[in-house]
Amino acid sequence: MRFCVLGSGSRGNATFVEAAGVRLLIDAGFSGREIERRLAGVGIAADSLSHLLVTHEHGDHIRGVGILSRRYRLPVYCNRATLAAAGDGLAGLHRVEAFETGVGFSLGGLACHPFAVSHDAAEPVGFLLDDGVASLGYCTDTGAVSRLMRHRLSGCGALILECNHDPELLKNGPYPPPLKQRVRSKSGHLANHESLAFLSELLHPGLRQVVLAHISETNNHHDAIGLALTAVFGGGADLPAIHLAGQDEASPLFSLAPPAAAGSSPR
């Protein structure tokens, strides 16, 4: 399994995943041309994509879905509520495959399980992807953590997790009061300390890579995330590798190799 966050934030979101012979995007919130450019930057040809998965209907997650679906004849997987709420934003697709939130489906040898999250959209979801060897959890755009989310993400080998805002930066920032309230609400976005407290519950020896995503350019800062990491984990926690996703450039292309068998020697 390989994956790359092509960009994440309020101006666009898209993540590439390759596993079990499948190459897919989770969301396509940039223009088609920009997604093609970012894919090429990590050595992936856009015409090698096979599927598009959609978490919810907001523009920063679906802006490029239609053009990519039509240009490369890609099926688009989303629930019916998202499709209806998107209106013209998800019109004219090559093909729609509607899934039911909470019910898994397969893309070849890749098992996909959409699970409910808490956001101000029609029926937003996160995804757990598992190829039988490695698993990736994708969970952004949620204002609250649920038992279901803990259950679905508890055994991941890699995790893409929202770490949206610092409460003080949001409180003292330029957003108007209604928007501040939306962001910090249970159907908004996770604050740094909420995201990292959730991460602390998900730690296990097999979790090898975490990408903190949907980081606000206005209401967050890498230093604030660093302080929150120290506050939650102190200096002694044995943490997985952590990468902070950016809005304007792709992350590295991460690879999840099978865990070494017990007693085997590393190469």
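The values are calculated or read from the model by the stated rules, or taken from the named source; none is laboratory data. Computed from a prediction, not measured in an experiment: that's the story for all the values here. Cβ placement follows ideal geometry from the backbone for every residue including glycine, while neighbour counts extend to all protein chains displayed. Quick note on the areas: whole protein, heavy atoms, side chains included, nothing else; ligands and nucleic acids left out. Shrake-Rupley method; radii C 1.70, N 1.55, O 1.52, S 1.80 Å.
Could you list, in sequence order, all residues of the range 144-163 that are out of contact with any Gly (no Cβ under 8 Å at 6 or more places or on another chain) and open to solvent by 10 Å² or more (accessible area, probe 1.4 Å)?
Answer for the range 144-163, where residues must be out of contact with any Gly (no Cβ under 8 Å at 6 or more places or on another chain) and open to solvent by 10 Å² or more (accessible area, probe 1.4 Å): Ala144, Val145, Ser146, Arg147, Leu148, Arg150, His151, Ser154.
Among the residues of the range 1-37, how many are closer than 19 Å to Arg70 by Cα, acidic (Asp, Glu) and part of a strand (DSSP E or B)?
1
Being acidic (Asp, Glu) and without any contact (Cβ under 8 Å) to a residue 60 or more places away in the chain is the filter here, so list the residues in the range 72-122 that pass it.
We begin by selecting, within the range 72-122, every residue acidic (Asp, Glu); these are 88, 97, 100, 120.
Asp88, Glu97, Glu100 - these are the residues of the range 72-122 that are acidic (Asp, Glu) and without any contact (Cβ under 8 Å) to a residue 60 or more places away in the chain.
Hey, any hits in the range 135-145 for a residue that's farther than 26 Å from Ser216 by Cβ and modelled with pLDDT of 95 or more?
yes
Based on this model, can you work out whether Val183 counts as modelled with pLDDT of 95 or more and under 20 Å from Val5 (Cα atoms)? I'd like the intermediate steps shown before the answer.
On the way: modelled with pLDDT of 95 or more: yes; under 20 Å from Val5 (Cα atoms): no.
It is false that Val183 is modelled with pLDDT of 95 or more and under 20 Å from Val5 (Cα atoms).
Condition first: in contact (Cβ under 8 Å) with a residue 40 or more places away in the chain, crowded, with 24+ Cβ neighbours inside 10 Å, under 27 Å from Leu179 (Cβ atoms) and not polar (S, T, N, Q). Now tell me which residues in the range 8-46 satisfy that.
Ala14, Ile26, Ala28
For residues that are outside any loop (DSSP other than H, G, I, E, B) and either open to solvent by 70 Å² or more (accessible area, probe 1.4 Å) or out of contact with any helix residue (DSSP H, G or I) (no Cβ under 7 Å at 6 or more places or on another chain) (or both), tally how many sit in the range 199-255. Write out each step before concluding.
Going residue by residue through the range 199-255, those that are outside any loop (DSSP other than H, G, I, E, B) are 199-202, 209-213, 222-233, 241-244, 254-255.
Okay, now just the ones that are also either open to solvent by 70 Å² or more (accessible area, probe 1.4 Å) or out of contact with any helix residue (DSSP H, G or I) (no Cβ under 7 Å at 6 or more places or on another chain) (or both), so 199, 201, 209, 211, 213, 222-223, 226-227, 230-231, 241-243, 254-255.
Selection size over the range 199-255: 16.
Looking at (1) of a type outside the set (Lys, Arg); (2) part of a strand (DSSP E or B); (3) within 15 Å of the chain's Cα centre (by Cα), which is the only condition Asp60 fails?
Of everything listed in (1) of a type outside the set (Lys, Arg); (2) part of a strand (DSSP E or B); (3) within 15 Å of the chain's Cα centre (by Cα), Asp60 misses just condition (2).
Can you tell me which condition Gly102 does not meet? The list is (1) modelled with pLDDT of 95 or more; (2) over 20 Å from the mean Cα position of the chain (by Cα); (3) closer than 24 Å to Ala20 by Cβ, and all the others hold.
It is condition (2) that Gly102 fails.
Scanning the range 122-161 for residues that are of a type in the set (A, V, I, L, M) and not in a strand (DSSP E or B), which turns out nearest to Leu202 (Cα to Cα)?
Leu153
For the condition under 26 Å from Ala14 (Cβ atoms), at pLDDT below 95 and not hydroxyl-bearing (Ser, Thr, Tyr), what is the one hit in Ala261, Ala213, Ala257? Steps first, answer last, please.
Working: Ala261 fails: under 26 Å from Ala14 (Cβ atoms); Ala213 fails: at pLDDT below 95.
Step by step, each of Ala261, Ala213, Ala257 is checked, and only Ala257 is under 26 Å from Ala14 (Cβ atoms), at pLDDT below 95 and not hydroxyl-bearing (Ser, Thr, Tyr).
When you scan the range 63-81, how many residues do you find that are part of a helix (DSSP H, G or I) and either modelled with pLDDT under 95 or touching a strand residue (DSSP E or B) at 6+ places or on another chain (Cβ under 8 Å) (or both)? Reasoning before the result, please.
Taking the range 63-81 as the starting set, the residues that turn out to be part of a helix (DSSP H, G or I) are 65-72, 80-81.
Cutting the leftovers down to either modelled with pLDDT under 95 or touching a strand residue (DSSP E or B) at 6+ places or on another chain (Cβ under 8 Å) (or both) gives us 65, 68-69, 80.
The qualifying residues number 4.
So for the range 109-126 (the condition being crowded, with 17+ Cβ neighbours inside 10 Å and on the phi > 0 side of the Ramachandran plot), does at least one residue qualify?
no
Return the only residue of Asp141, Asp166 being in contact with a helix residue (DSSP H, G or I) (Cβ under 9 Å, 6 or more places away or on another chain), open to solvent by less than 20 Å² (accessible area, probe 1.4 Å) and among the acidic types (Asp, Glu).
On the way: Asp166 fails: open to solvent by less than 20 Å² (accessible area, probe 1.4 Å).
Of the residues listed, the single one that is in contact with a helix residue (DSSP H, G or I) (Cβ under 9 Å, 6 or more places away or on another chain), open to solvent by less than 20 Å² (accessible area, probe 1.4 Å) and among the acidic types (Asp, Glu) is Asp141.
Which residue pairs have Cβ atoms closer than 8 Å, lie 6 or more positions apart in sequence or on different chains, and pair a first residue in the range 167-178 that is closer than 12 Å to Ser216 by Cα with a second residue that is open to solvent by 70 Å² or more (accessible area, probe 1.4 Å) and assigned to a helix (DSSP H, G or I)?
Pro167/Arg184; Pro167/His193; Leu170/Arg184
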